[in-house]
Amino acid sequence: MKAVASVVLNRVYTSEGEYARVSQGGNIRNIIFQERQFDCAAETLLGNYNPQNIYNMNPTEEHYYIADWALSGNRLNEIGDCLWYLNPFRPSCSSYFPNNGSGTFHTRLGKHCFYRPTDRYKET
């Protein structure tokens with residue numbers, strides 16, 4: 001969860017590319033609710049109701065702790081400046097993500113692959 005929080009805040013505070021425009025100077029809500037970015041923020045997925053959306057969740061003390069940790073400026077060192085993550089549902093990570101080549105593989109934590117921006121990201 002700390003790794004994902006690190007990615008979210010990296011998007012909020014990046015000074016270039018798509019996420020700089022979306023965050024409009026640091027608006028975390030704009031980043032979290034950007035369409036097709038975080039499944040948990042969507043009430044529907046592929047036209048079907050998403051029962052695992054944030055409106056149906058009951059946060060625990062751990063969730064509040066991680067949110068406070070990230071909002072206090074903390075990041076996981078292993079994540080660096082990564083702007084993307086995904087679970088590929090396979091043992092290996094692709095070299096690039098998203099498909100436009102704006103991110104390159106950085107590290108894998110558990111089942112998730114993390115990607116840092118390439119120079120191409122600045123053009124998004």
When the charge dipole of the chain is computed with +1 on Lys and Arg Cβ and -1 on Asp and Glu Cβ about the Cα centre, the Cα farthest towards its positive end, among ILE28, ASN100, MET1, belongs to ASN100
Using alpha-carbon pairs under 8 Å, 6+ residues apart, how would you state the relative contact order of the stretch 1-112 in percent? 26
Let me have the 222 nm mean residue ellipticity of the chain computed from DSSP H runs of 4+ only, each contributing -39500 (n - 2.57), with the sum over all residues rounded to the nearest 500. -8000 deg cm²/dmol
Long-range amide H partners of THR104, meaning residues 5 or more apart or on another chain whose placed amide H is closer than 5 Å, are PHE97, ARG116, THR118
Any cysteine of the chain lacking a neighbouring Cys Cβ under 4.7 Å - listed by number: CYS40, CYS82
Of the trypsin sites (Lys or Arg not before Pro) in the stretch 65-124, those whose Cβ has at most 16 other Cβ within 10 Å and which sit in DSSP loop: LYS111
J(HN,Hα) series, the stretch 33-49, from Karplus relation 6.51 cos²θ - 1.76 cosθ + 1.60, nearest Hz, glycine and proline x: 9, 4, 4, 6, 9, 10, 4, 5, 8, 9, 6, 10, 10, 6, x, 10, 4
If you take the square roots of the eigenvalues of the alpha-carbon gyration tensor of the stretch 6-61 and sort them as a ≥ b ≥ c, do you get rounded (a/c under 1.5), prolate (a/b over b/c) or oblate? oblate
Chymotrypsin sites (Phe, Trp or Tyr not before Pro) within the stretch 5-102: which are DSSP loop residues with at most 11 other Cβ atoms inside 10 Å? PHE89
Net charge over other residues, Cβ less than 15 angstrom from the Cβ of ARG90 (K, R count +1; D, E count -1): +2
Size of the dipole of the chain about the Cα centre, Lys and Arg at +1 and Asp and Glu at -1 on the beta carbon, nothing else charged, in debye to 20? 280
Taking H placed 1.01 Å from N in the peptide plane, check which residues at least 5 places from LEU45 or on another chain put their amide H under 5 Å from its amide H. ASN50
Given 5 Å bins starting at zero, what is the percent of C-alpha pairs of the chain in each, up to the one with the largest pair distance? 2, 11, 18, 22, 23, 16, 7, 1
List, in order, the whole-Hz ³J(HN,Hα) value for each residue of the stretch 50-56 obtained from phi through the Karplus relation with A = 6.51, B = -1.76, C = 1.60 and θ = phi - 60°; use x for Gly and Pro. 9, x, 9, 7, 5, 6, 9
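Only the coordinates and a few stated rules stand behind these numbers; no lab work does. The structure displayed is predicted, hence computed values, not measured ones. Backbone-built Cβ (ideal geometry, glycine too); neighbour counts: all protein chains shown.
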